[in-house]
Amino acid sequence: MGNDLTPGINFGVVVIGRNEGDRLKVCLESVFHRAEQTVYVDSGSTDDSVEMVRNMGVEVVQLDMSVPFTAARARNEGFRRLLELVPSISNVQFVDGDCEVLHSWPVAALGFLQQHKDVAVVCGCRRERFPERSVYNLLCDIEWNTPVGEAKACGGDAMMRVQAVSKAGGYRDDLIAGEEPELCVRLRQSGWKIWRLDEEMTLHDAAMNRFSQWWKRSMRAGYAFAEGAAIHGAPPERHWVAESRRARLWAVIIPLIILACTTVNYYALLGFLIYPLQVLRVYAKSAQKSRLTAASYAFFMLLGKFPEFAGQLKYYWHRLSNQKSALIEYK
């Protein structure tokens with residue numbers, strides 16, 4: 001399949017998903033006719049995803065679900081299949097099956113990579129498709145709004161140089177979350193740069209409507225923080241060390257100090273006022289457009305430290321007991 005980009009600039013696409021339904025169709029339609037080759041990796045869907053994709057004429061890789069599934073493993077297998085089909089491919093767009101790649105993105109991304117030979121990964125602005133449907137979707141939309149320019153990491157949607165990904169050995173199959181930042185750490189350690197453009201890249205559909213979904217997603221982040229710090233926490237990288245410490249501070253250390261002080265004086269319970277004060281501090285510093293959005297962001301930023309710490313505990317328990325965690329899924 002050819003593309004409508006500048007001659008000499010080619011790219012393939014690796015899409016991963018499970019039970020994404022119509023969202024997957026939208027995702028594939030946004031890239032299929034523009035890329036040299038598109039590969040969809042299915043992770044045990046029980047809907048008609050595989051049949052639908054094959055009817056579209058897209059290459060399908062079905063993961064062996066007897067082997068523990070991770071998004072990292074899915075991306076790696078899709079990447080390997082892409083290279084088997086088109087060994088000469090120069091760039092690969094990784095994208096989650098619940099995202100739509102916007103029409104202008106491949107041209108912007110590939111043009112930037114062509115002009116900046118030291119950049120291995122380029123990403124753009126990921127937006128939530130329906131931020132108004134729930135506060136949890138809104139929080140995702142805020143989360144995606146990271147600074148433009150040279151960055152430390154990317155998310156699941158990104159255009160990457162095949163050469164750089166291949167030399168780095170791809171993603172770590174064993175990571176249940178945080179595989180993209182971990183790959184970016186290794187790429188940067190090899191001398192490559194990561195860049196975020198001020199360009200619209202993808203529309204994402206988190207489909208989070210329940211508190212329990214948000215809690216599980218935050219737990220997954222905490223698990224990733226702990227595992228990332230264990231792998232790359234040493235100086236000078238200090239990967240996710242600060243994030244891990246903040247969760248421990250607000251979820252455990254501060255409450256324990258306050259409760260310990262109550263053995264001397266019950267007025268020490270007033271120390272818990274530090275939590276609403278922290279919410280007010282974050283609210284005052286927030287750059288969100290509306291007061292309600294800023295207040296939601298501030299409140300959930302603090303509350304999120306508790307599920308993040310729970311995720312850390314899960315990681316440390318699995319590490320001590322030599323167990324491997326299953327995915328922490330919120331959908």
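The values are calculated or read from the model by the stated rules, or taken from the named source; none is laboratory data. If you're wondering where the values come from, they're calculated on a predicted model, not measured in any experiment. Here Cβ is always computed from backbone atoms with ideal geometry, including for glycine, and neighbour counts include all displayed protein chains. When the accessible area is computed, the model is the full protein with side chains, heavy atoms only, and any ligands, DNA or RNA have been set aside. Shrake-Rupley method; radii C 1.70, N 1.55, O 1.52, S 1.80 Å.
What are the residues in the range 290-331 that are in a helix (DSSP H, G or I) and among the acidic types (Asp, Glu), if any?
Listed by number, the list holds a single entry, Glu308.
Scan Ala268, Ala224, Ala234, Ala230 and give me the residue that is more than 30 Å from Gln163 (Cβ to Cβ) and small (Gly, Ala, Ser). Break it down into steps so the answer makes sense when it comes.
Working: Ala224 fails: more than 30 Å from Gln163 (Cβ to Cβ); Ala234 fails: more than 30 Å from Gln163 (Cβ to Cβ); Ala230 fails: more than 30 Å from Gln163 (Cβ to Cβ).
Ala268 is the lone residue from the list that is more than 30 Å from Gln163 (Cβ to Cβ) and small (Gly, Ala, Ser).
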Item to check | Residues (more than 15 Å from Leu139 (Cβ to Cβ) and in contact (Cβ under 8 Å) with a residue 40 or more places away in the chain) located in the range 262-288 | outcome: none
Checklist entry - With respect to the numbered conditions (1) modelled with pLDDT of 95 or more; (2) open to solvent by 30 Å² or more (accessible area, probe 1.4 Å); (3) hydroxyl-bearing (Ser, Thr, Tyr), which one is the sole condition not fulfilled by Thr146? => result (1)
Checklist entry - Hey, any hits in the range 66-76 for a residue that's free of Cβ contacts under 8 Å to residues at least 12 places away in the same chain, surrounded by fewer than 18 Cβ atoms within 10 Å (Cβ to Cβ) and over 21 Å from Ser325 (Cα atoms)? => result no
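Would you point out which residue out of Phe11, Phe79 is in contact with a Gly (Cβ under 9 Å, 6 or more places away or on another chain), of a type outside the set (Lys, Arg) and on the phi < 0 side of the Ramachandran plot? Even if it seems obvious, please write down each step before you answer.
On the way: Phe11 fails: in contact with a Gly (Cβ under 9 Å, 6 or more places away or on another chain).
The conditions single out Phe79.
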Item to check | Some residue of the range 105-112 being open to solvent by 10 Å² or more (accessible area, probe 1.4 Å), outside any loop (DSSP other than H, G, I, E, B) and touching a strand residue (DSSP E or B) at 6+ places or on another chain (Cβ under 9 Å) | outcome: yes
Checklist entry - Of the residues that make up the range 192-204, is at least one among the acidic types (Asp, Glu), modelled with pLDDT under 95 and either within 16 Å of the chain's Cα centre (by Cα) or over 26 Å from Leu28 (Cβ atoms) (or both)? => result no
Checklist entry - Going by the structure shown, is Asp205 open to solvent by 60 Å² or more (accessible area, probe 1.4 Å), among the charged types (D, E, K, R), farther than 30 Å from Ser88 by Cβ and touching a residue at least 40 places away in the same chain (Cβ under 8 Å)? => result no
Checklist outcome for this item: Looking across the range 272-331 at residues that are of a type in the set (A, V, I, L, M) and at pLDDT below 90, the single one that is farthest from the chain's Cα centre (by Cα) is Ala287
Checklist entry - Going through the range 315-331 one residue at a time, which ones are closer than 16 Å to Ser212 by Cβ and open to solvent by less than 80 Å² (accessible area, probe 1.4 Å)? => result Leu327, Ile328, Tyr330
Checklist entry - Among the residues of the range 26-56, which ones are open to solvent by 30 Å² or more (accessible area, probe 1.4 Å) and closer than 14 Å to Asp96 by Cβ? => result Val26
Checklist entry - Name the pairs: first residue in the range 210-226 and under 22 Å from Pro131 (Cβ atoms) and open to solvent by less than 20 Å² (accessible area, probe 1.4 Å), second residue among the basic types (Lys, Arg) and not in a helix (DSSP H, G or I), Cβ to Cβ under 8 Å, at least 6 apart or on different chains? => result Gln213/Lys331
Checklist outcome for this item: Scanning the range 113-132 residue by residue, those assigned to a helix (DSSP H, G or I) and either open to solvent by less than 60 Å² (accessible area, probe 1.4 Å) or touching a Cys at 6+ places or on another chain (Cβ under 8 Å) (or both) turn out to be Leu113, Pro131
Checklist outcome for this item: Being more than 22 Å from Asn137 (Cα to Cα) and open to solvent by 30 Å² or more (accessible area, probe 1.4 Å) narrows Arg291, Arg245 down to just Arg245
Item to check | Gly304, sole failed condition from (1) open to solvent by 30 Å² or more (accessible area, probe 1.4 Å); (2) over 21 Å from Thr70 (Cα atoms) | outcome: (1)
